[in-house]
Amino acid sequence: MKLATLKNGKRDGRLVVVSRDLTRCTDASFLAPTLQAALDDWARIAPHLAALAESLEHGSVPAERFHEHDAASPLPRAFQWADGSAYVNHVELVRKARSAEMPDSFWTDPLMYQGGSDAFLAPRDPIVMADEAYGIDMEGEVAVIVDDVPMGASLDEARDAIRLIMLVNDVSLRGLIPAELAKGFGFFQSKPSSAFSPVAVTPDELGEAWDGGKVSLPLCVDYNGKPFGRANAGIDMTFDFPTLVAHAAKTRPLCAGAIIGSGTVSNKMDGGPGKPVADGGVGYSCIAETRMIETINDGKPKTPFMRFGDVVRIEMKDGSGHSIFGAIEQTVQKYEKGA
């Protein structure tokens, strides 16, 4: 089934079930007022939501047109947002561009940071920033929402706890990252609010594309109307989602509704770091990787980070070309205090 949260003037929105073709939805708030409420009582509520989804497909319940612009992120806020870096190709490129060696442990122990989860952007909300000099960048990712996960969970326990899957734009401010990391205390200002896809889906909606740990489909990233990235989320994923979930739960339990991200989807190509879509490659899921390749090849980057008015679109389609999660589509907009 596919679930979404519609904006209704309240902080956590209203839960709806969405049709498989993303054209219609039906109110689910009589079962659970919000997605978080459904996750808190998933074993009891999920069968009723699934039955409602089937009724929606058969046209036997009241329905309304589903407009992605009316959707908040499926969880407009969450108790936990932890983002991994499962595609080590991405990490390797970052370090290679600054002539830094990559520790061997990066291939066996996932990187992960704890992001701000108190206010996510809606999938069609603008990315509002005060200054282009912050180095505004998109990061196309996949994420899972889990049920309760015990501390020290096994891989099987972590896999069994995955309830929903969605897409992410993990907005990053590249100009602020170096100074923050140099303090030795991690990201904060350089990681503003992220946005998630209009719809979160249960794993069964992905069919064979979901193997219990990875989503083996291309992540479509368009930048200012042109193909920018088509990296396959199931390729070159060093750490799958059960591994990331278990890593997050090593020293603490995760509560229902916790979100675990994959990190920037990134593919190698012919043993190398990849090529732009225009050159026959699968491109990149963030601007930083493009700049890394330019630095490696030419000694310096030439592609600028996002500027006011630039538009990013992140989407994933099934084998028939139909959108699975709906699209994240955001315009960078200048922040005006008091506006």
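The values are calculated or read from the model by the stated rules, or taken from the named source; none is laboratory data. Quick caveat: nothing in here was measured; it's all calculated off a predicted structure. Neighbour counts run over all protein chains shown; Cβ positions are idealised from the backbone, glycine included. Ligands, DNA and RNA are stripped out before the accessible areas are found, and what is left, the full protein with its side chains, is counted by its heavy atoms. Shrake-Rupley method; radii C 1.70, N 1.55, O 1.52, S 1.80 Å.
Roll a 1.4 angstrom probe over the protein heavy atoms and tell me the percent of accessible area of the stretch 141-273 that is carbon or sulfur. Here it works out to 55 percent.
Over the chain, the ratio between the Cα radius of gyration and 2.2 N^0.38 Å evaluates to 0.96. Applying the criteria of a DSSP loop state and at most 15 other Cβ atoms within 10 Å to the chymotrypsin sites (Phe, Trp or Tyr not before Pro) of the stretch 130-225 yields 185, 188. On full extension, the segment bounded by residue 308 and residue 208 gains 32.1 nm, given 0.36 nm per residue less the C-alpha separation. Taking 125, 41, 236 in turn, the Gaussian network model of the chain (Cα-Cα springs below 10 Å) assigns the largest fluctuation to 41. Phi-derived couplings, Karplus 6.51 cos²θ - 1.76 cosθ + 1.60 at θ = phi - 60°, listed residue by residue for the stretch 168-174: 9, 10, 8, 4, 10, 10, 5 Hz, with x used for Gly and Pro.
The label-point distance for residue 275 and residue 7, in a model that sets each label 7 Å from Cα toward Cβ, rounds to 4.2 nm. Each Lys or Arg adds one and each Asp or Glu takes one away; over the other residues whose Cβ falls under 12 Å from the Cβ of residue 208, this sums to -3.
Partners of residue 214 within straight-line reach, counting lysines whose Cα lies under 20 Å from its Cα and excluding those fewer than 8 residues away in the same chain: 2, 268, 317. The amide H of residue 188, built 1.01 Å from its N in the peptide plane, has no neighbour under 5 Å, considering only residues 5 or more places off or on other chains. Sites listed here are chymotrypsin sites (Phe, Trp or Tyr not before Pro) in the stretch 234-339 whose DSSP assignment is loop and whose Cβ has at most 13 other Cβ atoms within 10 Å: 335.
Here the spin labels are modelled as points 7 Å beyond Cα on the Cα-Cβ line, and at residue 40 and residue 132 they lie 4.5 nm apart. The angle separating the long axis of helix 88-97 from the principal Cα axis of greatest extent in the chain is about 30 degrees. Applied to the stretch 231-248, the Karplus parametrisation 6.51 cos²θ - 1.76 cosθ + 1.60 on θ = phi - 60° returns per-residue 3J(HN,Hα) values of 5, 7, 5, x, 9, 6, 8, 5, 10, 7, 5, x, 5, 5, 5, 4, 4, 5 Hz, with x for Gly and Pro. Near the amide H of residue 81, within less than 5 Å, lie the amide hydrogens of 115, 259, all on another chain or at least 5 residues away, with H placed in the peptide plane. Available extension along the chain between residue 113 and residue 235 is 41.7 nm, counting 0.36 nm per residue and deducting the alpha carbon span. With θ taken as phi - 60° and the Karplus curve 6.51 cos²θ - 1.76 cosθ + 1.60 applied, the whole-hertz 3J(HN,Hα) list for the stretch 44-51 is 8, 7, 4, x, 5, 5, 5, 5 Hz, x standing for glycine and proline. Taking 7 Å along the Cα-to-C-beta vector as the label spot, tell me the residue 102-residue 30 distance in nanometres, rounded to one decimal. Placing both labels 7 Å along Cα→Cβ, they lie 5.3 nm apart. When only alpha carbons are used to place a centre, the stretch 21-67 and the stretch 306-339 end up 25 Å from one another.
For residue 154, put the label point 7 Å out on the Cα→Cβ axis and report which residues of the stretch 223-257 keep their amide N under 17 Å from it. So the set is 242-247, 249-250. The GNM of the chain, with springs linking C-alpha atoms under 10 angstrom apart, assigns the highest mean-square fluctuation among 160, 131, 298 to 298. Each peptide in 163-172, 145-154 receives the mean, over its residues, of other Cβ atoms within 10 Å, and ordering these scores from highest gives 163-172, 145-154.
For the stretch 1-148, what Kirkwood radius comes out of the mean inverse Cα-Cα distance, in Å? Result for the stretch 1-148, one decimal place: 18.0 Å. Applying 0.36 nm per residue to the separation of residue 51 and residue 180 and subtracting their alpha-carbon distance, the gain on full extension is 41.6 nm. Calculated accessible area for the chain comes out at 44 Å² per residue, all protein chains present (probe 1.4 Å; ligands, DNA, RNA ignored). In the context of the full protein assembly, residue 269 retains an accessible surface of approximately 60 Å², using a probe radius of 1.4 Å and ignoring ligands and nucleic acids. For the chain, the 222 nm mean residue ellipticity estimated from helices alone, with every DSSP H stretch of n ≥ 4 adding -39500 (n - 2.57) and the total spread over all residues, rounds to -5500 deg cm²/dmol.
For residue 284, nonlocal amide neighbours, meaning residues 5 or more places apart or on other chains whose placed amide H falls under 5 Å from its own, are 229, 230, 277.
Test of understanding: in a Gaussian network model of the chain with alpha carbons linked when under 10 Å, which of 202, 290, 303 would top the mean-square fluctuation ranking? With Cα springs under 10 Å in the chain, the top fluctuation among 202, 290, 303 is at 303. In this structure residue 322 has an accessible area near 110 Å², from a 1.4 Å probe over the protein heavy atoms.
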